[in-house]
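Heads up, the thing below is written out as structure tokens.
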Amino acid sequence: MEEQRLQKIIADRGFCSRRKAEEYISDGRVNVNGKTVDQLGMKFPIDVKITIDGKEVSKKQDTYTYIVLNKPTGVITTAADDRGRKTVLDLMPPKYGRLFPVGRLDINTHGAILLTNDGEFANLVMHPSSSLDKTYRAKIEGRLTEAQKKMLEQGVELEDGLTAPAKIKEVMVFDDDTSIVELIIHEGKKREVRRMLQYVGHPVIDLERKLVGHIGIEGMRRGEYREIPLSEITKIKNQCLKNKVNNKHTVTKK
């Protein structure tokens with residue numbers, strides 16, 4: 001019988017993303033046939049019995065669900081919270097069964113977050129080599145100078161490394177010495193947009209993610225969600241795969 005890496009089996013069954021499955025394994029929370037597995041890379045038959053925190057990881061999904069949610073502020077992007085805070089899954093009706101968020105959006109940021117039970121899709125979208133664009137709109141203190149825009153477009157040095165170049169444009173300027181800017185980035189560092197703008201001297205007052213790839217929340221109120229058609233999912237998959245190929249060629253040329 002075919003064998004696969006444990007984290008891939010878990011993701012294929014729609015329990016969580018492959019990256020999250022790796023965390024569960026490393027933390028010693030995964031049992032296979034009643035025995036704890038805490039080492040990454042181990043392979044098992046695809047129909048093996050798996051539990052995580054005592055919950056059975058059921059067999060592979062026959063159908064997948066894809067949702068985009070306009071996440072409100074104050075809601076956390078996780079499947080569960082031990083502090084009792086509201087999560088993105090609390091906003092989903094029971095009919096969708098088990099879903100998990102694709103990536104993250106910090107508690108004080110509102111906007112587009114994808115939810116699914118398709119672990120391979122989540123892994124593709126979140127993988128750094130996919131370089132999937134995320135579009136943000138930020139209200140900031142003050143107004144960016146041309147020099148500051150250029151810094152952001154070239155990348156700035158944060159405590160966890162140099163950011164990838166951002167695309168940025170000014171959208172609106174207000175009389176109270178605030179402005180709105182739009183940024184497009186493809187990385188997923190923690191609170192990256194806020195830290196980038198803070199670095200150039202313009203703290204964020206409000207932050208919204210408008211788009212993940214081409215999938216957005218136009219016309220949706222905060223807390224609303226919609227199912228994503230398969231045509232849109234295919235488009236985002238193709239974009240990720242195209243970016244992977246382009247990134248591979250870029251590395252090869254270097």
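Scanning region 137-156 for residues that are over 16 Å from PRO203 (Cα atoms) and touching a residue at least 12 places away in the same chain (Cβ under 8 Å) turns up just one, GLU153. Closer than 30 Å to ILE67 by Cβ and not assigned by TED's automatic domain parsing to the domain that holds ALA122, is that true of ILE185? When the stated conditions are applied, ILE185 passes them. Scanning for something touching a helix residue (DSSP H, G or I) at 6+ places or on another chain (Cβ under 9 Å), closer than 19 Å to GLY111 by Cβ and not in a strand (DSSP E or B), does region 167-185 turn up at least one residue? Within region 167-185, none of the residues are touching a helix residue (DSSP H, G or I) at 6+ places or on another chain (Cβ under 9 Å), closer than 19 Å to GLY111 by Cβ and not in a strand (DSSP E or B).
For region 229-246, the criterion of being assigned to a strand (DSSP E or B), buried (at least 16 other Cβ atoms within 10 Å of the Cβ), touching a strand residue (DSSP E or B) at 6+ places or on another chain (Cβ under 8 Å) and modelled with pLDDT of 90 or more is met by none of the residues. Close Cβ contacts (under 7 Å, 6 or more residues apart or on different chains) running from residues in region 86-107 that are assigned to a loop (DSSP other than H, G, I, E, B) to residues that are buried (at least 17 other Cβ atoms within 10 Å of the Cβ) and of a type in the set (S, T, N, Q) comprise GLY97/ASN117; ARG98/ASN117; LEU99/THR65; LEU99/THR116; LEU99/ASN117; ARG104/THR77; LEU105/THR77.
In this structure, does THR77 turn out to be in contact with a Gly (Cβ under 6 Å, 6 or more places away or on another chain) and on the phi < 0 side of the Ramachandran plot? Spell out the reasoning first.
On the way: in contact with a Gly (Cβ under 6 Å, 6 or more places away or on another chain): no; on the phi < 0 side of the Ramachandran plot: yes.
No, not satisfied.
Is at least one residue of region 233-241 under 25 Å from SER179 (Cβ atoms) and of a type in the set (D, E, K, R)? No, that holds for no residue.
From the list VAL171, VAL193, which residue is in the same structural domain as GLY155 (by TED's automatic domain parsing), aliphatic (A, V, I, L, M) and surrounded by 16 or more Cβ atoms within 10 Å (Cβ to Cβ)?
Numbers: VAL171 fails: surrounded by 16 or more Cβ atoms within 10 Å (Cβ to Cβ).
Testing whether each residue is in the same structural domain as GLY155 (by TED's automatic domain parsing), aliphatic (A, V, I, L, M) and surrounded by 16 or more Cβ atoms within 10 Å (Cβ to Cβ) leaves just VAL193.
The values are calculated or read from the model by the stated rules, or taken from the named source; none is laboratory data. Computed from a predicted structure; not experimentally measured. Glycine also receives a Cβ, built like all others from the backbone with ideal geometry; neighbour counts cover every protein chain displayed.
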